[in-house]
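Data block below; observations after.
The values are calculated or read from the model by the stated rules, or taken from the named source; none is laboratory data. Keep in mind it's a predicted model, so treat the numbers as computed, not measured. Positions of Cβ are backbone-derived with ideal geometry, glycine not excepted, and every protein chain shown enters the neighbour counts.
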Amino acid sequence: MLAHVLEVAIAPLLVGLASLVAVRFGPRAGGLVSAFPAIVGPFLLLSADRHGAGFAADAAEGTLLGLVSFAGFVVAYAWTATVATWPVSLLVAWAVTAGVTAALTPVQLPAGWSLLVCAVALVAAHRALPRLPARLPQPPPWWDVPLRMVLCAALVVLLAVVADQLGSGVGGLLAALPVLASILAGFTHHDDGAGAVVALLRGMLEGTGAFVAFCVVVALAIQPWGIALAFAAAIGAAIVADLVTGRLLRSATL
């Protein structure tokens with residue numbers, strides 16, 4: 001029961017927090033906050049509860065490869081946003097994501113190779129983003145953030161239902177799909193323009209260190225350590241990575 005509550009509640013809460021941070025500190029900061037593993041964490045916890053530690057470990061490895069799809073989404077959305085509206089940008093980004101995910105679905109790699117592939121993809125995506133000036137975000141109307149949270153909850157529930165039917169590897173790929181990114185990018189693009197959404201997506205990439213750290217710890221530790229200790233260690237690793245990785249990636253672009 002707790003896993004179901006976490007699955008539906010945490011991701012929408014993170015969307016709300018990231019939206020508020022973006023208004024206060026700018027879209028790049030909002031993107032950095034949104035990259036915390038709020039969807040994959042409950043998904044892996046639910047996988048372990050339903051199917052056992054081995055299933056969750058496999059799903060965590062699949063999620064690392066799924067970040068390649070996320071990188072494709074970010075680059076496709078960012079460049080399309082320079083010339084098109086948010087619906088077109090979202091459609092193009094999801095088309096690229098679907099193509100990359102379809103190509104990765106039959107792929108099975110050891111955790112070390114999955115980590116290497118996703119790291120290369122994320123760094124390359126970060127360097128490939130366009131550079132646009134971003135105007136300061138405007139305070140959204142009262143209904144804006146609640147609507148983002150409701151849409152995110154609906155997508156998370158849909159994702160959980162689909163992933164549960166397709167097995168651990170495919171489920172892990174799906175858990176890395178840009179659900180939060182889709183909600184935040186579409187609203188940011190609509191409200192504050194292309195420059196703001198590129199800054200948001202840049203922040204998301206800079207925050208993926210937390211996502212990667214979480215999945216690696218779960219994949220390696222959940223069987224020898226057990227569910228509770230592995231997830232506690234994964235959360236700690238994600239917090240540390242969130243503090244460190246963003247600075248390293250930003251320094252690399254100077």
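Things to note:
- Summed over region 107-123, residues that are modelled with pLDDT under 85 and either polar (S, T, N, Q) or farther than 24 Å from ILE222 by Cα (or both) total 2.
- All helices (runs of 4 or more DSSP H) inside region 137-218 with 1 or more residues being of a type in the set (A, V, I, L, M), modelled with pLDDT under 70 and crowded, with 19+ Cβ neighbours inside 10 Å: 144-166, 168-175
- Selection of first residues in region 90-119 that are over 15 Å from ALA71 (Cβ atoms) and in contact (Cβ under 8 Å) with a residue 24 or more places away in the chain and of second residues that are among the hydroxyl-bearing types (Ser, Thr, Tyr) and buried (at least 18 other Cβ atoms within 10 Å of the Cβ), restricted to Cβ pairs under 8 Å at least 6 apart or on distinct chains, gives the following pairs, ordered by first then second residue: LEU90/TYR77; LEU90/SER182.
For every residue, the table says whether it meets (1) among the hydrophobic types (A, V, I, L, M, F, W, C); (2) more than 21 Å from GLU206 (Cα to Cα).
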site: THR82; (1), (2): no, no
site: VAL96; (1), (2): yes, no
site: THR101; (1), (2): no, yes
site: LEU115; (1), (2): yes, no
site: ARG127; (1), (2): no, no
site: ARG131; (1), (2): no, no
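- Leading residue by the ranking (farthest from VAL197 (Cα to Cα)) among those in region 46-57 that are at pLDDT 80 or above and crowded, with 21+ Cβ neighbours inside 10 Å: ALA48
- Subset of region 24-40 [in a loop (DSSP other than H, G, I, E, B) and either without any contact (Cβ under 8 Å) to a residue 24 or more places away in the chain or more than 18 Å from GLY66 (Cα to Cα) (or both)]: GLY26
- Any hit, region 61-76, residues being touching a Phe, Trp or Tyr at 6+ places or on another chain (Cβ under 9 Å), surrounded by 15 or more Cβ atoms within 10 Å (Cβ to Cβ), within 18 Å of LEU201 (Cβ to Cβ) and of a type in the set (Ser, Thr, Tyr): no
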